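Please treat every number below as a calculation from the coordinates, not as lab data. Model, not experiment: these values are computed from the prediction.
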Amino acid sequence: MKKRYIVKEQTEFNHLINNGNCLKNKYFVIYSKKNNFEYDRFGISVGKKIGKAVIRNKYKRKIRSIIDIYRKDYLNRQDYIIILRSRALNLKYEDLKEQLLSLLKKSKGDLNEKK
C-alpha cells in the first residue's frame, strides 16, 4: 500500500474514532468518515492483546494485502480505521478477507444512504 493511502497521524485516528461512523462484527471494528481526497485512506490497528509484535505485524500485512487487492472496488473517498479483534486469530486468510469485505460493503451502503 502506498503511503498516500495510509492514515498515520494519531490526531487523525482519534478524530475518525470520535466522529466517524462505526461498524462492527465479531472480528473487526471499522470507523469511516468522508475525506477531501480523490482516494480512500486506511489505518490499521492491532492491539497488544492479539500477541507479540511478530503476530500483530503478520495480521497487519494480511489486512493490507486484502485492501490492496480490493481497494478499487470500494472507492468512496473515505478514511477508514480498521481495528482487529482478538477473535480473528482463529480465522484463516479467506475467512478474514470475507469478514473484512462484508464490513467494507456495509460502510459503502451507509455512505450512500446518508447522501
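Observations, loosely collected:
- Taking N35, N76, N90 in turn, the Gaussian network model of the chain (Cα-Cα springs below 10 Å) assigns the largest fluctuation to N90.
- Our summary gives the chain a relative contact order of 35 percent, counting only alpha carbon pairs under 8 angstrom and 6 or more residues apart.
- Stokes-Einstein D (µm²/s) once Rh is taken as the Kirkwood radius of the chain over alpha-carbon pairs, at 4 °C in 1.567 mPa s: 91
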